[in-house]
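The values are calculated or read from the model by the stated rules, or taken from the named source; none is laboratory data. For clarity, every value in this text was computed on a predicted model and none was experimentally measured. Every residue, glycine as well, gets a Cβ built from its backbone with ideal geometry; the counts of neighbours run over all protein chains shown. We work out accessible area using only protein heavy atoms, side chains counted, and drop any ligands, DNA or RNA first. Shrake-Rupley method; radii C 1.70, N 1.55, O 1.52, S 1.80 Å.
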Amino acid sequence: MTQLIDLSVTLKCGDQCVRQPKIEYVTHEKSARRCAVAYGVKPEDFAEGKYAAIEHITLTTHDTTHMDAPYHYYPTAEGKPAKTIDQVPLEWCYSDGVVLSFTHKKRGENISAEEIQTALRKIGYRLKPLDIVLIRTDIYKHHGQKDYADLHPGVSREATLWLIEHGIKVMGIDAWGWDRSLGAMIADLKAGRHGQFWESHYLGKYKEYCHLERLGNLDKIPIPYGFKVAVFPIKIENASGGWVRAVAIFE
């Protein structure tokens, strides 16, 4: 039997985040009235005065659970035009998953390459090319709260580079962003410490990779490896990112 675990957060109209999404719900009755005008018919011509419910959504491609394409980080990657989300190879988006727990790390802290290696040794796993590495912080439990962007640790440039050099093309985190919390980065920037400002994002100029942000339920995955992960982004022409319904798959 196959078991599926949803690794995505739910998009909600009331999320108090940096960019609050807007969802207009068009009910069956309202849809009938609207479409009656468009079609040149009467609302009562629809069965029981009801027609197809739809929603109008306003949000960016970097809200809710999503994948950042190489183009998000910089116009070029490794000296070539950076891939947009519709150009990300599907082979990158379905592979063996590995969960590394960093729930002990505090907001604003960086996860180092050495800590990544230690976490791998702890679970007895050796990375192979195209594994999908998932960083667990459990900060997803605060998704939708006003301070969500300022609660998490991040993955350092050196750790991200280490993963890339071991063949990892897609990596993800169950928090607002892959880099450190927004407030911590801004505080460092204002203090004159520029090097850590979006350090892992800017690494994408030199090394091609994708990361997933705002995952959820990594704590629900019962084993650290031995499962598949599917993270196919929606195909948006020339876009820097795309929403993902991320799923862990166990046989």
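Can you find a residue that is out of contact with any strand residue (DSSP E or B) (no Cβ under 9 Å at 6 or more places or on another chain), outside any loop (DSSP other than H, G, I, E, B), at negative phi and not basic (Lys, Arg) anywhere in region 14-29? Looking through region 14-29, at least one residue is out of contact with any strand residue (DSSP E or B) (no Cβ under 9 Å at 6 or more places or on another chain), outside any loop (DSSP other than H, G, I, E, B), at negative phi and not basic (Lys, Arg).
Of the residues making up region 30-53, those that are surrounded by fewer than 15 Cβ atoms within 10 Å (Cβ to Cβ) and outside any loop (DSSP other than H, G, I, E, B) are 34, 37, 38, 39, 44, 45, 47, 48, 49. I'd like the full set of residues that are part of a loop (DSSP other than H, G, I, E, B) and either of a type in the set (A, V, I, L, M) or surrounded by 15 or more Cβ atoms within 10 Å (Cβ to Cβ) (or both), limited to region 238-251. Result: 239, 240, 246. Only one of the numbered conditions (1) hydrophobic (A, V, I, L, M, F, W, C); (2) closer than 19 Å to residue 165 by Cα; (3) in contact with an Asp or Glu (Cβ under 7 Å, 6 or more places away or on another chain) is violated by residue 26, and that is (2).
Among the residues of region 196-250, write down those that are of a type in the set (D, E, K, R) and touching a strand residue (DSSP E or B) at 6+ places or on another chain (Cβ under 8 Å). Within region 196-250, 205, 207, 208, 213, 214, 219, 220, 228, 235, 245 meet the criteria. Restricting 24, 91, 29 to those that are closer than 15 Å to residue 233 by Cα and without any contact (Cβ under 8 Å) to a residue 60 or more places away in the chain reduces the list to 91.
In this structure, residue 31 does not qualify as under 22 Å from residue 245 (Cβ atoms), modelled with pLDDT of 95 or more and of a type in the set (Gly, Ala, Ser).
Of all the criteria given as (1) within 19 Å of the chain's Cα centre (by Cα); (2) surrounded by 15 or more Cβ atoms within 10 Å (Cβ to Cβ); (3) aromatic (Phe, Trp, Tyr), the one not satisfied by residue 74 is (2). Considering only residues that are open to solvent by less than 30 Å² (accessible area, probe 1.4 Å) and out of contact with any Ser or Thr (no Cβ under 8 Å at 6 or more places or on another chain), look in region 141-161 and name the one that is nearest to residue 9 (Cα to Cα). The qualifying residue nearest to residue 9 (Cα to Cα) is 144. Pairs linking a residue in region 184-197 that is farther than 12 Å from residue 110 by Cβ to a residue that is open to solvent by less than 70 Å² (accessible area, probe 1.4 Å) and of a type in the set (Asp, Glu), with Cβ atoms under 9 Å and 6 or more positions apart or on different chains, are 194/188; 197/179; 197/188. The residue that is nearest to residue 73 (Cα to Cα), counting only those in region 218-237 that are surrounded by 14 or more Cβ atoms within 10 Å (Cβ to Cβ) and either β-branched (Val, Ile, Thr) or touching a Lys or Arg at 6+ places or on another chain (Cβ under 7 Å) (or both), is 236. Residues in region 207-237 that are in a loop (DSSP other than H, G, I, E, B), on the phi > 0 side of the Ramachandran plot and out of contact with any Asp or Glu (no Cβ under 7 Å at 6 or more places or on another chain): 214 only. A single entry from 86, 68, 96 fulfils the requirement of being closer than 24 Å to residue 17 by Cβ, in contact with a strand residue (DSSP E or B) (Cβ under 9 Å, 6 or more places away or on another chain) and either touching a residue at least 40 places away in the same chain (Cβ under 8 Å) or surrounded by 15 or more Cβ atoms within 10 Å (Cβ to Cβ) (or both): 68.
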